[in-house]
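Derivation of every value follows stated rules applied to the coordinates shown; laboratory data play no part. Given the structure is predicted, the values throughout are model-derived calculations rather than measurements. When we count neighbours, we look across all protein chains shown, and the Cβ atoms used for this are built from the backbone with ideal geometry, even at glycine.
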Amino acid sequence: MLSRTADSLFWLARYTERAGNVARGLGVASRMAAVSARLGAEADEWRSLVTATGGEGAFFRKYEAPTAESVVHWLVFDPDNSSGILPCIEAARRNARAVRTALTVDMWEALNDTWNHLRALPPEAMEGEKLADFLRWVRERVTLFNGAAHDTMLRNEAWRFVHLGTMLERADNTARLLDVKHHLLTAEEEGAVDYVQWQTVLRSVSALRSYQWIYRDRLNPRRIAELIILRPELPRSLMACFAEVAETLEAIALGHGGRRGECHRLAGTLQAQLRYGRIDAILEEGLHAFLTTMIERTAALGGEIDAFYIRH
Amino acid sequence: MGAASSVPQARTAAFDEMRAEDGVRAAYAEIDRWLRATPREQLDAKRREAELLFRRIGITFAVYGEGGDPERLIPFDIIPRIIARSEWDRLALGLRQRVRALNAFLTDVYGKQEILRAGRIPAALVLENEGYRSEMVGIAPPGGVYTHVAGIDMVRTGPDEFYVLEDNCRTPSGVSYMLENREAMLRLFPKLCARHRVAPVGRYPEELLETLKAVAPPRAGSDPCVVLLTPGPYNSAYYEHCFLADEMGIEVVEGADLCVDNDVVYMRTTAGPRRVDVIYRRIDDEFLDPSVFRPDSLVGVPGLMGAYRAGNVALANAPGAGIADDKAIYPYVPEMVRFYLGEEPLLANVPTYLCDREEDRKYVLSNLDQLVVKLAKGSGGYGMMIGPHATRDVREEFRARILAKPGDYIAQPTLALSTCPTVVDQGIAPRHVDLRPFILSGKEIRIVPGGLTRVAIREGSLVVNSSQGGGTKDTWILEDEGPDAPEAALQSQSQSQSQSQSAGG
């Protein structure tokens with residue numbers, strides 16, 4: 001496959017997934033901010049979301065404080081934020097347009113319809129009272145796109161680069177979301193607010209119900225960390241995402257007669273580390289330190305994939 | 001040049017392709033019944049549906065740098081334009097002949113230059129032309145084919161009168177509309193389509209691929225690697241580039257995806273470099289290779305011309321093919337047919353005045369109010385004046401321009417372009433149309449029966465270019481007689497899925 005095509009497929013999937021993750025994060029933060037307002041901790045919620053999406057520096061150069069208005073603006077519309085919902089959909093569609101021939105009609109139409117609809121939507125329809133509906137719509141559109149890819153793409157190299165992008169982005173998002181809340185899962189004492197916060201952490205990776213299904217017990221920070229980091233059953237866990245990443249890279253290598261590079265080694269190491277990791281050891285080492293390493297190595301893996309397949 | 005008086009002029013009533021004086025022409029009988037039976041609201045609903053369809057598939061025409069929406073839709077008119085099979089067959093014969101002559105001319109001017117030595121075309125007109133690429137001298141493309149894909153723009157002025165308005169021998173576009181318009185008609189009006197015997201156009205991509213494969217270097221074997229080279233997503237025809245590549249199952253590449261090593265062209269793939277044999281290029285000559293043509297080209301491939309010269313890669317269309325469609329060369333095409341083929345031209349040219357010639361210029365300047373004046377190098381309907389529709393000021397402006405740079409202008413009588421019924425705001429009204437059929441030349445010449453019909457949506461307008469607000473129609477080549485066997489062979493009713501989940505116990 002043409003390297004540029006692989007690059008566009010990979011980023012098309014990353015941007016789409018990112019738009020969905022930001023929508024999920026914003027939805028959870030809005031809900032949490034409503035609860036925290038009474039406790040005067042509203043700004044913390046918004047701040048941690050900005051941090052989790054990786055744009056803290058740029059945000060504070062532009063806005064004075066993280067408020068509902070400024071953060072929604074930053075994460076939905078702001079053209080300066082390449083991780084905002086609108087810029088992500090725009091970038092995804094730009095990539096899709098560049099490789100239309102590699103997409104199925106269903107994938108293209110799912111994305112192109114989203115883009116056409118967004119273009120015609122007045123800003124009022126994405127703020128205030130309408131925000132929650134808008135965010136749900138974005139998540140639905142991302143689900144539709146992922147479903148279209150999953151259901152209609154040939155299982156060839158094009159599919160593998162799309163899947164690789166989705167999974168790498170998802171791993172990055174999970175690690176970041178968990179990292180901004182790490183203190184909640186390692187605090188010595190627990191309070192009423194913490195319980196709500198724990199729910200929030202689970203909701204932000206769509207795992208509140210999953211927790212109950214797996215543990216059938218009250219929320220407990222150690223288990224929450226275990227679920228989100230190590231459990232292969234949870235589709236957004238680090239373990240699940242990296243298993244897919246490693247498997248997909250392996251499938252690409254097999255298609256090229258076993259040609260492998262640093263990206264394969266790194267992906268395999270990450271997968272093994274998660275597969276054989278134990279939550280107590282991770283917590284003992286320090287959750288924040290562990291997650292920071294994961295975030296850095298995810299970025300490094302993205303760089304190695306690029307170096308090996310795209311810009312060789 | 002020939003006298004203009006023999007050509008139907010715009011002042012006379014235009015030929016209506018549907019209505020003759022004594023009623024509706026046979027080919028349009030069914031369309032006429034359909035239009036009478038269909039209420040206006042229904043037509044409007046179908047028009048909206050068509051627009052949605054095109055928007056949804058993303059069939060857009062990119063217009064950058066003019067403000068407004070950069071991704072525009074070309075208006076699609078839902079009433080098909082009909083040409084009878086017998087009329088088409090005559091046209092097709094003429095088109096084959098013309099393209100054979102154009103390719104022979106190109107082989108000659110980059111080779112022995114016999115037509116110039118015979119004095120049938122002024123040598124300076126060719127050799128000093130911007131479209132002439134001296135870099136091509138001494139290169140013999142496989143099979144002597146330079147213009148593998150030619151778009152010949154035809155206009156009609158009467159029941160049996162067709163004229164070639166211009167030849168497009170470089171990178172003619174629009175064929176995706178021919179194909180998508182048909183798809184749209186089959187989706188929107190399956191019954192209407194089924195009541196006609198329309199010649200199918202769907203094989204075009206296959207024919208194009210065959211044509212491209214046929215000119216591959218011999219070493220490529222039976223399965224050459226063919227790619228389409230595009231300037232990128234900002235090009236107005238980008239949709240078409242992707243569409244055609246997709247239909248042919250080949251890669252769309254940009255300049256940066258290709259590299260040349262030791263006179264061999266490779267594309268960068270995830271599995272490493274892969275050798276390329278044939279490039280269907282949709283970028284202009286000047287941008288092909290910055291080491292030979294424009295050094296500031298960012299969309300080209302350095303070293304490409306070297307690989308081409310070495311015979312390691314085929315380029316379609318060949319660089320330098322543009323000399324054959326130059327507007328100053330156009331008046332000589334009938335002469336080419338006689339010179340190379342020893343035949344009389346089957347297709348007529350529109351009488352053309354070259355402002356560079358004193359006699360012609362005199363005629364043009366004293367008849368500005370009746371002539372169409374065009375830039376000899378222009379395309380897309382830019383920089384032209386339609387005399388009868390122009391204001392005095394505009395005519396005077398063109399007079400000054402012609403006097404300043406006579407070589408830049410040609411003039412032709414204002415033809416009374418034929419009209420077809422078209423849905424407009426006021427109802428259904430005749431609008432002027434032209435036709436661009438696509439002629440493929442590889443080992444043999446292939447023409448898919450049909451073409452792109454462009455329609456000037458504005459009342460009275462003779463400018464059909466999409467950059468000037470023109471629209472398109474589906475073009476139906478209709479079998480004259482025989483039983484009503486529909487083209488879209490109605491799929492046999494397939495069995496419906498019979499299984500369903502059993503109710504839970």
Normalise the Cα radius of gyration of chain A by 2.2 N^0.38 Å (N = residues in it) and let me know the number. 0.99
Cα-projected label distance for A:Arg94 with A:Arg136, points at 7 Å along beta-carbon direction, nm: 3.2 nm
Expected sort for B:281-290, B:218-227 on mean C-beta neighbours within 10 Å, highest first, is B:281-290, B:218-227
Which listed pairs, of B:Lys213/B:Lys473; B:Lys46/B:Lys191; B:Lys327/B:Lys443; B:Lys112/B:Lys374, have C-alpha distances above 25 Å, in listed order: B:Lys213/B:Lys473; B:Lys327/B:Lys443; B:Lys112/B:Lys374
Which Cα, out of A:Ala58, A:Trp46, A:Met1, lies furthest along the positive dipole direction of the range A:1-67 (beta carbon charges, K/R +1, D/E -1)? A:Met1
Assigned charges on the beta-carbon of Lys, Arg, Asp, Glu; the protein assembly as shown dipole about Cα centre (debye): 600 debye
Distance (nanometres) between label positions extended 7 Å along Cα→Cβ at B:Glu358 and A:Ala307: 7.3 nm
If the chain between B:Gln42 and B:Glu30 were fully stretched, how many nm would it gain, using 0.36 nm times the residue separation less the Cα-Cα distance? 2.6 nm
Restricting the calculation to Cα positions, tell me the Rg (one decimal) and the Dmax (whole number) of the protein assembly as shown in Å. 31.7, 101
Ranking B:Pro437, A:Leu121, A:Leu103 by how far each Cα lies towards the positive end of the charge dipole of the protein assembly as shown (+1 on Lys and Arg Cβ, -1 on Asp and Glu Cβ), the top one is A:Leu103
Of B:40-52, B:83-95, ordering from highest average Cβ density within 10 Å down gives B:83-95, B:40-52
Given an 8 Å cut-off on Cα distances and at least 6 residues of separation, report the relative contact order of the range B:323-388 as a percent. 24 percent
What does the convex hull of the Cα atoms come to per residue for the range A:116-249, in Å³? 137 Å³
Once the Cα gyration tensor of chain B is diagonalised, semi-axes √(5λ) in Å: 36, 33, 21
Most packed first (mean Cβ within 10 Å per residue), the peptides A:263-273, A:162-172 order as A:162-172, A:263-273
With bins of 10 Å, the percent of all Cα-Cα pairs of the range B:351-414 per bin from 0 is 26, 63, 11
Average beta carbon contacts from partner chains per residue of A:93-104, 10 Å cutoff: 4
Taking Cα atoms only, Rg over Rh for the range A:1-153 with Rh from the Kirkwood formula is 1.01
Return the average number of partner chain Cβ atoms within 10 angstrom of each residue Cβ along peptide B:265-275. 5
HN-Hα couplings for the range B:93-107 via Karplus (6.51, -1.76, 1.60; θ = phi - 60°), in whole Hz with x for Gly/Pro, come out as 4, x, 5, 4, 4, 5, 5, 4, 5, 5, 5, 5, 4, 5, 4
Computed magnitude of the charge dipole of chain B (debye, nearest 20; Cβ of K, R +1, Cβ of D, E -1): 180 debye
With label points built 7 Å along Cα→Cβ from the Cα atoms of A:Asp280 and B:Ala140, find their separation and express it in nm. 8.4 nm
Given contacts defined as C-alpha pairs under 8 Å and at least six residues apart, what's the relative contact order of the range A:155-312, whole-number percent? 31 percent
Given R₀ = 51 Å, what would the calculated FRET efficiency be for A:Glu247 paired with B:Ala13, taking r from the Cβ atoms and rounding to 0.05? 0.10
Only Cα pairs under 8 Å and at least 6 apart count here; give the relative contact order of chain A as a rounded whole percent. 22 percent
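Hey, what number do you get for the protein assembly as shown at 222 nm if only DSSP H runs of n ≥ 4 count, each worth -39500 (n - 2.57), divided across all residues, to the nearest 500?
Rounded to the nearest 500, it is -14000 deg cm²/dmol.
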